[in-house]
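Laboratory data are not the source of any read-out in this text; all were calculated from the coordinates shown. These numbers come from a predicted model, not from an experiment. Note: ideal-geometry Cβ built from the backbone for every residue, glycine included; neighbour counts use all protein chains shown.
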Amino acid sequence: MAIDIDLPLTGKCSCGLVRYELSEAPLFTHACHCADCQRSTGSAFVIHTLTTKSGFKISGETKSTTLPTGSGAGYDPHFCSKCGTFIWCEYHVAPKGFLVLRTGTLDKPNNVEPEAHIFTTQKLPWLPLPKDVPCFPEMYNRIETWPEASNQTMDRLVAKAKGHA
C-alpha cells in the first residue's frame, strides 16, 4: 500500500557510512512478526520491503552473516561495518536477484506501508493490527497476495535462477 512513492527511494544506516538508492518500484512490503525478526530487531516486528537487486545501488562498507529462519533455510543480513545497522537481507530460499530491504532504513519510511502482516501467530499479544491490512498466521501465498506486476517480476527472477530465461 504505497503512498505516492517517488523514485528513487534513498536510505542509510544510523551513522551514515552506508547509503543506498532504490530506482525501481518495490515489489511488496510486509511486516513480519516472527520470533526471529523480533529477536534480530529487538522490537515487536520488522517491516521488509521486497525488491530486485537490479534497482538497488549501495555505497559504503557492509558485512554479512547467516542467521536462522523458521524454515531452517537461513538468511544473510547485510549491515554497516561501522554501526551495525541491518540494511538489507538475502533469504536462502529466494532467487538470486531478489533482496529484502529493512524499510526503517529509508530516508522517508513513512512513504511505504505494510501491505500485509505475516507470522501473526507469533505476534506480541499487546500489539493491535490494522483491520484494513491482510494478516496471515504464517507466510502468505505470493501469487494470491502480491500485485500482478510484482508477481511477473518475481516469476522472471525464479525462471532466471532455474536457467530458463
Checklist outcome for this item: The ³J(HN,Hα) series, computed from each phi in segment 33-46 with the Karplus coefficients 6.51, -1.76 and 1.60 at θ = phi - 60°, rounded to the nearest Hz and given as x for glycine or proline, is 9, 5, 4, 5, 5, 4, 5, 6, 9, x, 9, 6, 6, 10
Checklist entry - Quick one: longest stretch of the chain between exposed loop GluC sites (Glu not before Pro), exposed meaning at most 15 other C-beta atoms within 10 Å and loop per DSSP? => result 62-137
Item to check | For LEU157, net neighbour charge (Lys/Arg +1, Asp/Glu -1) across residues whose Cβ lies under 11 Å away | outcome: +4
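Full extension from ARG142 to LEU127: what is 0.36 nm times the residue separation minus their Cα-Cα distance, to one decimal in nm? Before the final figure, lay out the partial values.
Values: separation 15, 0.36 × 15 = 5.40 nm, distance 2.48 nm.
Separation in residues times 0.36 nm, less the Cα-Cα distance, equals 2.9 nm.
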Item to check | J(HN,Hα) series, segment 71-78, from Karplus relation 6.51 cos²θ - 1.76 cosθ + 1.60, nearest Hz, glycine and proline x | outcome: 6, x, 6, x, 8, 10, x, 10
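Once fully extended, how much extra length lies between LYS160 and VAL93, figured as 0.36 nm per residue of separation less the alpha-carbon to alpha-carbon distance? Each step should come with its number before you reach the end.
Details: separation 67, 0.36 × 67 = 24.12 nm, distance 1.45 nm.
Result for the pair: 22.7 nm of gain on full extension.
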Checklist entry - So what's the gap between the Cα centers of segment 66-105 and segment 10-29, to the nearest angstrom? => result 13 Å
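Using alpha-carbon pairs under 8 Å, 6+ residues apart, how would you state the relative contact order of segment 9-161 in percent?
Numbers: 296 pairs, mean separation 39.8, N = 153.
Once normalised by length, the contact order is 26 percent.
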Checklist outcome for this item: Simple SL model, points at 7 angstrom along Cα→Cβ for SER43 and THR10; separation in nm is 2.2 nm
Checklist outcome for this item: Taking Cα pairs closer than 8 Å and at least 6 residues apart, the relative contact order of segment 103-165 in percent is 26 percent
Checklist entry - Once amide H atoms are built 1.01 Å from N in the peptide plane, which residues 5 or more positions from GLU115, or in another chain, come under 5 Å H to H? => result THR29, HIS30, ALA31
Item to check | Low-density loop cleavage sites - trypsin sites (Lys or Arg not before Pro) in segment 97-157, where at most 13 other Cβ are within 10 Å (DSSP) | outcome: LYS131
Item to check | Qualifying lysines (Cα of each under 25 Å from Cα of LYS63; at least 8 residues distant if same chain) | outcome: LYS12, LYS53, LYS82, LYS96, LYS108
